[in-house]
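No value in this document is a laboratory result; all are computed from the given coordinates. Just so it is clear, the model here is predicted, and its values are computed rather than measured. Positions of Cβ are generated from backbone atoms using ideal geometry, with glycine treated the same way; all protein chains shown enter the neighbour counts.
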């Protein structure tokens, strides 16, 4: 029994429609590769935002994903900045000690006996 026959018989289950959408998504994902997956994600987001009943949940999920992504980027940049300051600190400390030894060596050569 096709999904049209189910509708004619007043059977409003969405199993046939969901199976059809999943098969269509799988076809496009296999045919187009990464662009197919991106298209499927955009389609799911558009369907979620199209209906007022699911719009709030979909917007919460999307904003949560963006928030997690930007928090991850912020954490990575914070750690990289800390490592960069640590690297510069080590270089400055090494330069300080080399300069101190150079000054001590220069002072010992220029002292009068």
| field | Separation in nanometres of the label points that stand 7 Å from Cα toward Cβ, at residue 38 and residue 5 | value | 4.1
| request: Over the alpha-carbon set of the stretch 3-79, work out the extent along each principal axis and list the three values in angstrom, largest first. | output: 61, 32, 15
| Normalized C-alpha radius of gyration of the stretch 61-113, against 2.2 N^0.38 Å? | 2.31
| remark: FRET efficiency for residue 26 and residue 75 from the Cβ-Cβ distance with R0 = 25 Å, rounded to 0.05, comes out at 0.10
| remark: Longest principal axis of the chain (C-alpha) makes with the long axis of helix 15-32 (C-alpha) an angle, in degrees to the nearest 10, of 50
| Simple spin-label estimate for residue 14 and residue 96 in nanometres, 7 Å along Cα-Cβ | 6.5
